[in-house]
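Shown next, in C-alpha cells, is the structure this report addresses.
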Amino acid sequence: MSLSVPGYSPSFKKPPETLRLRRKRVRSLGAALLPGERPEPAPRRAALAAGLSLRPFPAAAAAAAGRGGGGGPATAGRNPFARLDNRPRASAESPDGPPRGQHEAPSPFLDFNQENDLLWEEKFPERAGVTELFQTSHVSLSESDIPSSESTELPVDWSIKTRLLFTSSQPFTWADHLKAQEEAQGVIQHCRATEITLPQSLQQSLIYWLHPAFPWLSLFPRIGADRKIAGKTSPWSNDETLQHILMSDWSVSFTSLYNLLKTKLCPYFYVCTYQFTVLFRAAGLAGNDVITALMSPTTRGIREAMKNEGIEFSLPLIKENGHEKKKTPGTSLGHGEEQAISDEDEEESLSWLKEMGVQDKIKKPDILSIKLHKEKNEVQVDHRPESVVLVKGTNTFTLLNFLINCKSLIATSGPQAGLPPTLLSPIAFRGATMQMLKARSINVKTQALSGYKDQFSLEITGPIMPHSLHSITMLLKSSQSGSFSAGLYTHEPTVVFNICPSVDKVLNKENIREELANCGLHPKTLDQLSQIPILGKSSLRNVEMSDYIYNWRS
C-alpha cells in the first residue's frame, strides 16, 4: 500500500489543487534561496522530504545556468502534470539498507526510464534482484554448467550416438585419406579382434555390423524416421511374399546374434524397430551376472502381450508405495487367481465402511471401474522413458521368440511398412553387412587475442555404439596428446538404457575379462562396459580432456 505524502497527489486526480500549490510562496525556505532562484514547488518538496530521488527541477537548473552563463533567460516552468513518481511505495524500509537520505541522486543525464528503474530498485530491492538475475542469466548459466566429474576414464554410456564432434589444437590429418594398405589393415584388425595400433586403428574403430542393409535407405534411426524414408523405393511394401522372405532372413540373423551373445562371443546388440528399441547385453556387462534386455519405450498393449507369453519382466523406473516394483509374473498367476486377488483387495479397501456401519448407504464401486482406474495408471507411462522394461536370464530367450512372432514389430502402413527391424552389432553375425561410420576432418580459423589460430575438428556420424565411443576417445587420447573436447549427440529414445538395474552381486572384473575375452572388444573397452551404469536417465553430452584427465557433462 502506498504512503500518503502531504500536498502530493501521485495519481493527479485534482490538477487545480496542484496548480494552487504551485502558486504558494515558500516562506520557510526564503532565507536559503539565492537571489533570482525560484523555490521548489510543494509537491516536489514533499517528494524530496519523503526520500524520493528526483532530477533537478528545470526552472532551478535554468536559473543556475543563467547565473553561470551571464544571466540568460530562464526556461519555461515544469509541466505540473508531469509524472514525479507514480509507483507504489514500499511499506517498510529494508533493515539492512541505508537510510533514505543517504541514497545518492542519479545523474541528471539519465533518461526518464532509467530514473524510474533506479527508484524501483531503491524501493523494492527484491524486484531489483529479479532484474539482476535476468541481466546476468548467461553468467549464472555458465557458472552452473560445471563438469559432472573429473576422472581418467569416462563412465559407460549405453545410449546410441548419432554424431560426434571432436575439436583440438592439433590436426587430425592422420584421420584423412587413409592408404589402401591402412584401410585393409583396419578391416583385418577388426575382424580378427586385434588390439589397437595407432594411428591406423581409427578404421578399426569405425566398423559396425548391420542387418538388413539397403544402400539407398538409412536404417538408423528407425523411431521417427518416416520423413527421411518417405519417397524412397520400397518394393516390399505391397508384396507379401517379399515381406515374408525378408522377415525369415531377419529371424535367422536375430537368432544368430542371440546365440553369439549367449556364448559370450558377442558383448551386446540392439534391435531397432519403428516404435521401440531393445538392448541385449551379455552376462557380465553392466554389473549383471546374467543376460539382460532393456526395451524402451513400451505400451500397455505390448506389456500385456509379454505377460501372456510368460515373459517375466520388471519396470525399474516405476515405484509403487515407495518401493521399487518387482518382477511382473507372466505365468505364476492364472486369470482366476488374479481376479480373486483383485476381489480380495477390493474387499479390504472397503472394510472401513463396514466398521462405520454405512456400507449399505454408499454405492460400492464395481469391478469394471476399479479395473479402468488401474488401466489408466498403466497407460500414463506409455511411450515415456519410465515405461522401460527389464528382462533377465532365460526370459530373454522367450523375449527373442516373442519378438520374432510379434506382428506389431513391423509397421503395416507408412514408409516403413514391411521393413524388418534394424540389428546393430559390434561384431559379425549371420546375414550381417559390414558398415563404416563416416569421418571427416575440418580445419578452421578462430579468433584469438593475438589474431587468428588454427582450430582442428573431427566429425563422426552414424550409429555410434558404446564400444566405438570408447575406442575413439581412447585413440584420440593418444593421438592428440591428452587434450581435446567433444560434443556428443544422442538418439534420445536410447538414453534410458543408462539406468542402473538392481544388481544381485558384485562381479569380479578378472573373471569377466576372462569369460568375454573372445567377444571382439579391446580389454579396456570391456572393462568400461562391465561397469555399473551411473548416468541414470541422462547420457554424455560434452567431454573435455586436459592433461589426460576427463571432464564430462551429462
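The values are calculated or read from the model by the stated rules, or taken from the named source; none is laboratory data. Quantities reported herein were computed from a predicted structural model and do not represent experimental measurements. No Cβ is skipped: glycine too gets one built from the backbone with ideal geometry, and neighbour counts run over all protein chains shown. Accessible surface is based on the protein model in full, side chains and every heavy atom, while ligands, DNA and RNA are left aside. Shrake-Rupley method; radii C 1.70, N 1.55, O 1.52, S 1.80 Å.
Listed here are the residues, each with its yes/no results for (1) outside the structural domain of ILE499 (by the TED database); (2) within 30 Å of MET474 (Cβ to Cβ).
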{"site": "GLU182", "(1), (2)": "no, yes"}
{"site": "PHE220", "(1), (2)": "yes, yes"}
{"site": "ASP226", "(1), (2)": "yes, no"}
{"site": "GLY231", "(1), (2)": "yes, no"}
{"site": "MET247", "(1), (2)": "yes, no"}
{"site": "ARG281", "(1), (2)": "yes, yes"}
{"site": "ASN288", "(1), (2)": "yes, yes"}
Next on the checklist: Residues that are open to solvent by less than 30 Å² (accessible area, probe 1.4 Å), of a type in the set (Ser, Thr, Tyr), under 34 Å from the mean Cα position of the chain (by Cα) and within 30 Å of GLN480 (Cβ to Cβ): does region 161-175 have at least one?
Outcome noted: yes
Item to check | Single residue of region 177-192 satisfying the filter (open to solvent by 50 Å² or more (accessible area, probe 1.4 Å) and in a loop (DSSP other than H, G, I, E, B)) that is modelled with the highest pLDDT | outcome: ARG192
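Residues SER441, SER530, SER538: which one is touching a residue at least 24 places away in the same chain (Cβ under 8 Å), open to solvent by less than 40 Å² (accessible area, probe 1.4 Å) and within 30 Å of TRP250 (Cα to Cα)?
After applying the criteria, what remains is SER530.
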Checklist outcome for this item: Residue hits (region 462-490; modelled with pLDDT of 95 or more and open to solvent by 30 Å² or more (accessible area, probe 1.4 Å)) are TYR489
Checklist outcome for this item: Only one of (1) modelled with pLDDT under 95; (2) under 22 Å from the mean Cα position of the chain (by Cα) does not apply to VAL278, and that is (1)
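Can you confirm whether PRO493 is closer than 20 Å to VAL271 by Cα, modelled with pLDDT of 90 or more and either open to solvent by less than 20 Å² (accessible area, probe 1.4 Å) or in contact with a Ser or Thr (Cβ under 6 Å, 6 or more places away or on another chain) (or both)?
Against the criterion (closer than 20 Å to VAL271 by Cα, modelled with pLDDT of 90 or more and either open to solvent by less than 20 Å² (accessible area, probe 1.4 Å) or in contact with a Ser or Thr (Cβ under 6 Å, 6 or more places away or on another chain) (or both)), PRO493 qualifies.
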Checklist entry - Which is in contact with a strand residue (DSSP E or B) (Cβ under 6 Å, 6 or more places away or on another chain) and closer than 17 Å to TYR274 by Cα, of THR422, THR446, THR461, THR433? => result THR422
Item to check | Criterion (more than 27 Å from PHE220 (Cα to Cα), open to solvent by 30 Å² or more (accessible area, probe 1.4 Å) and more than 22 Å from the chain's Cα centre (by Cα)) met by exactly one of ILE512, ILE549 | outcome: ILE549
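Please find, within region 199-241, the residue that is surrounded by the fewest Cβ atoms within 10 Å (Cβ to Cβ) out of those that are of a type in the set (Phe, Trp, Tyr) and within 24 Å of THR494 (Cα to Cα).
Result: PHE214.
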Checklist outcome for this item: Output for Cβ contacts, cut-off 9 Å, separation at least six or different chains, first residue more than 19 Å from GLU153 (Cα to Cα) in region 445-474, second at pLDDT below 80 and aliphatic (A, V, I, L, M), reads ASP454/VAL444; GLN455/VAL444; PHE456/VAL444; SER457/VAL444; LEU458/ALA175
Next on the checklist: Against the conditions (1) touching a helix residue (DSSP H, G or I) at 6+ places or on another chain (Cβ under 7 Å); (2) touching a residue at least 60 places away in the same chain (Cβ under 8 Å), where does MET247 fall short? Just the number, please.
Outcome noted: (1)
Next on the checklist: On the basis of being part of a loop (DSSP other than H, G, I, E, B) and out of contact with any Asp or Glu (no Cβ under 7 Å at 6 or more places or on another chain), does PHE166 make the cut?
Outcome noted: no
Checklist entry - On the given criteria, is ALA286 in a loop (DSSP other than H, G, I, E, B) and small (Gly, Ala, Ser)? => result no
